[in-house]
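The values are calculated or read from the model by the stated rules, or taken from the named source; none is laboratory data. All values reported here derive from a predicted model rather than from experimental measurement. Methodologically, a virtual Cβ is constructed for each residue, glycine included, from the backbone with ideal geometry; neighbour enumeration extends over all protein chains shown.
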Amino acid sequence: MSQALSRVRKVANDRKKEKLTTLHHHLDTAMLRTAFFALKKDAVPGLDGLTWEAYEADLDPRIEGLHARLHRGVCRAQPAPRRFIPKPDGSQRPLAVTALEDKIVQRATAAELAVIYEEEFLGFSYGFRPKGSPPDASASTSSLC
């Protein structure tokens, strides 16, 4: 966990009654870089047409540019065109194809929000959390019976 996320977690833990606002200033280049490497390398390019490999080839200046745009407040999400993926039963599932930089910002923001909300969850809350899953929850409740 980065130092910025550690500070956010500490504030979230110490000031439970306060609202946390303007969290985007904690998104630094290291968090954005970590978010980039957490993305799937073979994901379909979004409206921007950028692939993971093309972005990585020029990673440092791209991440620094993204960071600068975020902090100037000029970074806006691009439209995510909807595609329809066929399902085995013949129906179709809608899927929005997000631009690569939008995925990076979403992943970094999710990491930031996760450290805040982790402080709110109880120890026996399992679903969709780091180091916990719905099967863990069912295993722990079955041991209570």
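Mind counting the residues in region 89-116 that are surrounded by 14 or more Cβ atoms within 10 Å (Cβ to Cβ) and part of a strand (DSSP E or B)?
0
Pairs please, first residue from region 7-25 and more than 17 Å from Ala111 (Cβ to Cβ), second anywhere and at pLDDT below 70 and assigned to a loop (DSSP other than H, G, I, E, B), Cβ atoms under 9 Å, 6+ apart in sequence or on different chains.
Lys16/Glu119; Lys16/Glu120
Filter region 69-88 down to residues that are assigned to a strand (DSSP E or B) and of a type in the set (D, E, K, R) and give me whichever is farthest from Val105 (Cα to Cα).
Step by step, filter region 69-88, then rank; the result is Arg83.
Which residue pairs have Cβ atoms under 6 Å apart, sit 6 or more places apart or on different chains, and have a first residue in region 45-74 that is farther than 22 Å from Asp28 by Cα and a second that is of a type in the set (S, T, N, Q) and surrounded by 13 or more Cβ atoms within 10 Å (Cβ to Cβ)?
Once the first residue is farther than 22 Å from Asp28 by Cα and sits in region 45-74, its partners that are of a type in the set (S, T, N, Q) and surrounded by 13 or more Cβ atoms within 10 Å (Cβ to Cβ) give Pro45/Thr51; Gly46/Thr98; Leu47/Gln78.
With respect to Ala77, is the statement that it is touching a residue at least 12 places away in the same chain (Cβ under 8 Å) and closer than 11 Å to Leu100 by Cα true? Steps first, please.
Values: touching a residue at least 12 places away in the same chain (Cβ under 8 Å): yes; closer than 11 Å to Leu100 by Cα: yes.
Yes; evaluated as a whole, the condition is true for this residue.
Check Ala12, Ala43, Ala35, Ala54 and return the single one that is outside any loop (DSSP other than H, G, I, E, B), within 18 Å of the chain's Cα centre (by Cα), at negative phi and small (Gly, Ala, Ser).
Unique residue meeting the criteria: Ala35.
Being touching a Gly at 6+ places or on another chain (Cβ under 9 Å) and hydrophobic (A, V, I, L, M, F, W, C) is the filter; apply it to region 97-116 and report the residue that is farthest from Leu66 (Cα to Cα).
Per the criteria, the residue is Val97.
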